[in-house]
Amino acid sequence: STHNLEQSDRKADGKSHTEQVVLTGAKASVQGMMSKRSELLDDIPKMPDFLVALRPHTVWEKTPVKLFCTVQGNSRPIVKWYKGGVPVDPLSAPGKYKMESKYGVHSLIISSFVKHMPALESLLGIRSFPCCSVPHLTDIHASKLEVSLLDRFSVSFGVEGGSISLVCTMVVVPDLPNVPPLAQWYRDDKLLKPSDLAEMAVGGGAARLTLPHLAKDDEGLYTLRIFSKDGTAEHSAYLFVSDAAPSAAGAPGAPMSVKAYDINSDYVLVAWKPPNTVNEAPITGYFVDRCEAGSDTWVQCSDAPVKVCKYPVHGLVAGRSYRFRVRAVNSSGISRPSRKSDKVTALDALHASTRSTPDPPGYVTIPGEPSDVHASEVFRSYVVLSWKPPSPRGRAPLWYVIEKCLAGTGAWQRINAAVRLHSPRYPVFDLQDGQKYQFRVYSVNVFGSSEASEPSEPVQKVDVDGVPSAPGQVVATRNTKSSVFVQWEPPKHLKNLMGYYIDGRVVGSKEWFPCNHKPFKHNRFVVHGLTPGESYAFRVQAVNVYGLSDESQESSPIAVEPALGDASKGAPSGITLLSCDGSSMTVAWKSPKHCGGSKVNAYYIDKRNADTLTWKEVNLAPVDNLTEGTFYEFKVQAGNLAGVGVPSAPSAPMKCGAWTMDEPGPAYDLSFSEVRGNSLVVLWKAPVYTGASAVTGYQVDMAKKGSEEFVTLNQEAVSQRYLQVSGLEEGATYVFRVRAVNANGVGKPSQLSEPVCARALPGTREIVASVDEETGDIFLSLEACEICETSKFVWSKNYKPIGDCPRVGVTTKGRTSRLTFTKPDKDDLGRYSVVVTDTDGVSSSHTLTEDGRYAIRHPVVPLKHGLNYEVLEKGHVRFWLQAVKLSPSVSYRFIVNDKEVTSGEGHKISHDVATGIIQMTVDHFTRANEGTYTVQIHDGKAKTQSSLVLVGDVFKAALKEAEFQRKEHIRKQGPHFSEYLYFTVTEDCTVMLACKVANVKKETTFHWYKEEDEIVPETPPNVMSGACALPIPLVTAGCCLILNESKETKIASSEKMRIGGTAEMAWMQICDPSDKEKGHYSIEICDGEKTHSRSDSARCCCVSSDRGRVVGGLPDVVTIMEHKSLSLTCTVWGEPTPEVTWFKNEQEVTSSEHTRVTFDGGKFSSLVITKVTPEDSGKYSINVRNKYGGEFVEITVSVYKHGEQIPEPKLGQPKTAAATPASTPVPPKSPAPPSKTPTPTPSKAQTPAPSVKSPTPASTPVPKSPTPTPKSPTPTPRGVKSPTPPRFMKSPTPPRK
């Protein structure tokens, strides 16, 4: 419309169209000549000149002064500052001079101006260079670099004993790896130097200070100063260091700032600062410890605690170096030690220099007497005497003798009889309270003693409380959303004040917490780390060497919120062009992040031509009356009740030209909600310019901060103006942009969003959906982790504000807001979100679905494990289930076959809230217990149930197991077999039958039977030992085996030829057979009377290289500590692929949670045991076999406990020594006992005893032939252990005859 008005303002002078064209051409020609003239003017060199010169200044001493001037010239002049004809060097006095140069205005800031400095600085030597030259790299100094600080370290919090790094990133031009910027670090305006306690690094675009061993001494204001071409850039932030966990509950914190001064050859005066005591008992004293340099042994210097923060340590050895530390004491215990002091050497410098100076001729030998004996320090526990050395001193090395007496008595008594005192100062202890003393001093050397000095004035120990008086009124005011500014009146009586401790407490709480942990010297302090929206009160204590003063009066309560008008300090940002028609432009911007104590109620817009410096206010939207083709810049200011804030940065030049493209314009006002560790929601507003057709969707692009590689998150355009982004890297920073789409294509991208870090706010909570107990209405509720007075809860549905709806109501109380659905229907389903304004992005969302709505009204108790059972010792059966979480008010009931069972005789019912386990134990499990078991749980509004059907074969298996466990328990009450009957064969063919019996008594007897006839041993067994053996000489079965390869050659058992056998068979195994082993074999069996032989000349031993065997990888012996993981892995080979079986103590090993057996690729076999226990010790073996034969390999595993001596590796001596030849079929495998995953058990007292878990029926095991044992030495004796009877079977005892 403005464009049309401007066209209508043109005068209709009646000229023809041709004349208009001519005029337009002439105008264009003139404009072209003007632009060329400006370009020519820019190329003309111009001498530098002062537009605004320096002016004289008269300033007060110790106040900063700023000098300004404005310089012009072409090319850009180089400006240097001089003082008295000498160039000003910022490095000569760090922090004193700051130089800046912006837009032709040059400034010099001089801090802490003093009298001896001339009041006028002069700017001399302004030079101009018409051409640009690049200096040689060797000429570039660190102070000549251009440095701009980027990310700066913020207020930080550390703990004693920890570590922390303060990092400030920067942009350096030029960025030279071998010329890093010159950076200096300060703590409380004191320059820090690199050391073991402060590590500094500059380079890679960052300056870093690392404090690897934090102590309260490190607390303070840290400042980084970077010296650059334009002056100094600096940044400061406070570091708080809190006390570490006390050595004992209630013990005080550690002292700090331990320093040794008044260093003499005899004693050193040590001073320190007291710790803050908030909720701890008052400090009653301190212990001072010393340690010689190079040693780690600390020696306590005082027998009793010192009452003040100063102590003279005497008894030092001259010339040795020492360090000191201090520990505080109260009624609860002793604190952790302070950080040790710097190293000091006990040496009297004056005395050392005197000894090295030769005496002049005729110099006296006996020294003169000392003078001016007086008490330099008087404390409650000691007095420090000082005097002037004698003159003349004498020829030889000098020492002093001190005497004391009660004032006026003249009864002098020597003090330092056992110590040679070389220093003119000495602490005197053990003075009586209330008595006045006088002192005198003698000078002594090898030639004799001087006369006594004049007695001192009477001295009396001071027994007064020397702490300062309490500070005055404390006033707390708002500062930021997490800090408060506290100031107070100094105490009336300072008494050598060290500083102040500030304490705070939450209003309504009685517990105080320390706000600082090192005495602060000023009477104003900013308390950081507070909870936004919370109210606090503060108090202050003064500190000196005597301790802490009384507390001041509490401040008035104050809520932690930004100061009123704090938002006015912030500025809008992100000015972007949304539309232009040639005469008017529509621009948008981002509001300040925080409105502070008052809501932003107005914005003020200024514009200017891009080639001018004059801003003009604009109060119309859109901005009209513009000239087409001209570039404009804009800036925006926010206003509230506190005033108008600072303006935004000028926008980029924007051309006023009509938009005619068919694609839509850019979306704008990108914002974020629900920022979490790996997800967020990005929102935006629709473009103002839609193009030739309506907008149909949007595409969202994302890139990491600093990267130009954008990734489109949605391949298909989304119609809504928000997008859930997931899969983010926690802690990474991202930027986003949005492009609108219509039928003609994809439009301009929006301006980049503000960088957003994928990290949830501390204490973030999510929306909770529940049902109101009184009304039964469904509601969504959020408790904000931070809030302030101006914060509001803004609820949305599908990220659109919720309008007036009678079915929805919002209520807010404190930090919690609730959205209630009074009569919900299907129209209320959707995604609901809430945003808390004036925070750092507190927000959350919840999707309400039909199923979710039902779940809210009918919640379910989630279960980890459904109802299950296990058989315990004594035959008890335990039924149990485990919930994810139970509340203390949970109720439940067990129902068996439609009848409720209560805890009583025969049944024990209990639960454990901590583990979520509900259980019932049946003491006597019988056939009557067959049926269906159900548990019904009610926990608040939630409920659930779980059932277990125990009938048929499953019940029979459980009953059989319970009966067996019951019988086993009864059997073990009296004498019972701990090892069943087995036998071994000796060299003289004697079979030794043996067994072991447990729980024996004196009246226990052993009886041997053969079939039904009792056998009485010749030697009665030792009943109490539990071991029983019966020798059977010259048995009638084969007991001696001899194998012949030929009539002339006998074969004995060896590593190559392994011979063994059982009562039913004999065998020989050839390990690693080769062609040498081919031939005819025969066997001879001797029973002591006859010899039986058998041979088969038609058969020969055929050695196949394709048999299954272990190629390598297994040791003979493994020794491992308890709770470690054991992996036995080997490589096997065979063609075809062999079968692999693992055994432990002749029993096959199957996979379970504790033991895992794997066979990968037909080549690699592993047995892995997690967290081994002593029960895992034993003999393990692997059987590798295919149709051509196989091989057994044995490993002995020993498990020892932590702290025990590692056992000597020994090969086991098994009772079984047997192997299976390649042609012998593998014995049938006994079915492994059923295993079950261990079940969780409550931790309370009602926990049943450890159980034998057999939830499934087990068939009676078939006795298994023993596992062959490879690599065993020649069996001497050889024997075989008889198979262990199955636990379901008991051998009948024949009647005694």
Notebook entry, point to check: Can you pull the accessible area of residue 261 for me, 1.4 Å probe, Å² to the nearest 10?
Noted result: 80
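Would region 863-902 count as rounded, prolate or oblate if I go by the C-alpha gyration tensor, calling it rounded below 1.5 in a/c and otherwise prolate when a/b exceeds b/c, oblate otherwise? Display every interim value, and only then the final one.
Working: a/c = 2.07, a/b = 1.32, b/c = 1.57.
Judged from the Cα gyration tensor, region 863-902 comes out oblate (a/c at least 1.5, b/c at or above a/b).
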Notebook entry, point to check: How would 892, 222 rank on accessible area, largest to smallest, probe 1.4 Å?
Noted result: 892, 222
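Charges only on Cβ, +1 for Lys and Arg, -1 for Asp and Glu: so what's the dipole of region 1110-1208 about the Cα centre, in debye to the nearest 20? Mind showing how you got there, number by number?
Working: 9 positive and 14 negative charges, 41 e Å.
Once rounded to the nearest 20, the dipole reads 200 debye.
With the cut-off at 27 Å, report for region 468-601 the share of all Cα pairs above it, as a whole percent.
Value for region 468-601 (Cα pairs over 27 Å): 38 percent.
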Checklist line | Compactness of region 675-757, expressed as Rg and Dmax over alpha-carbon positions, Å | finding: 13.0, 42
Item checked: Solvent-accessible surface ranking, highest first, for 489, 1194 at 1.4 angstrom -> 489, 1194
Check: At 10 °C and 1.306 mPa s, what whole-number value in µm²/s does Stokes-Einstein give for the translational diffusion of region 813-904, with Rh from the Kirkwood sum over Cα pairs?
Finding: 86
Item checked: Accessible surface of residue 80 - all protein chains present, 1.4 Å probe, nearest 10 Å² -> 90
Check: How large is the dipole of region 916-965 about the Cα centre if only Lys and Arg carry +1 and Asp and Glu carry -1, each at its Cβ, rounded to the nearest 20 debye?
Finding: 200
Next item on the list: Mind ranking 561, 1014, 1148, 873 by accessible surface for me, highest first, 1.4 Å probe?
Entry: 873, 1148, 1014, 561
Notebook entry, point to check: Considering region 617-659, what Rg and Dmax in Å follow from its alpha-carbon atoms?
Noted result: 12.9, 39
Notebook entry, point to check: Tell me which aspartates and glutamates have Cα within less than 17 Å of residue 908's Cα, excluding those fewer than 8 residues away on the same chain?
Noted result: 870, 873, 900, 923
Next item on the list: Would you kindly find the accessible area of residue 840, with a 1.4 Å probe and non-protein molecules such as ligands, DNA and RNA excluded, rounding to the nearest 10 Å²?
Entry: 80
Check: When the Kirkwood radius is taken over all Cα pairs of region 424-532, what Stokes-Einstein diffusion coefficient follows at 4 °C and 1.567 mPa s, in µm²/s?
Finding: 68
Checklist line | Subset of 685/800; 273/495; 885/1124; 216/259; 616/748 violating a 22 Å alpha-carbon distance limit | finding: 885/1124; 616/748
Check: Any idea what the dipole of region 811-934 comes to, in debye rounded to 20, about its Cα centre with Lys/Arg Cβ at +1 and Asp/Glu Cβ at -1?
Finding: 240
Next item on the list: Would you please report the Å³ per residue occupied by the convex hull of the alpha carbon atoms in region 721-806?
Entry: 213
Margin query: Charges on Cβ only, +1 for Lys and Arg, -1 for Asp and Glu, centred on the Cα centroid of region 792-936; of 812, 867, 891, which one is farthest towards the dipole's positive end?
Written below: 812
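For region 502-553, what is the per residue volume of the convex hull drawn over the alpha-carbon atoms, in cubic angstrom?
Convex hull of Cα atoms, per residue: 94 Å³.
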Notebook entry, point to check: Can you give me the Cα centroid spacing of region 503-563 and region 1139-1203 in angstrom?
Noted result: 66
Note to self: Bins of 5 Å, beginning at zero and ending with the bin holding the largest distance: percent of Cα pairs per bin for region 155-201, please.
What the structure shows: 4, 13, 21, 26, 18, 11, 5, 2
Notebook entry, point to check: Per 10 Å bin, what percent of the C-alpha pairs of region 620-703 does each bin hold, from zero upward?
Noted result: 12, 29, 36, 21, 3
Checklist line | With 5 Å bins from 0: P(r) over region 977-1016, alpha-carbon pairs, percent | finding: 6, 16, 21, 26, 20, 8, 3, 0
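The values are calculated or read from the model by the stated rules, or taken from the named source; none is laboratory data. Just so we're clear, the structure is a prediction, and the values are computed from it rather than from any experiment. Here Cβ is always computed from backbone atoms with ideal geometry, including for glycine, and neighbour counts include all displayed protein chains. To get the accessible areas, we keep the full protein, side chains included, count just its heavy atoms, and leave off ligands, DNA and RNA. Shrake-Rupley method; radii C 1.70, N 1.55, O 1.52, S 1.80 Å.
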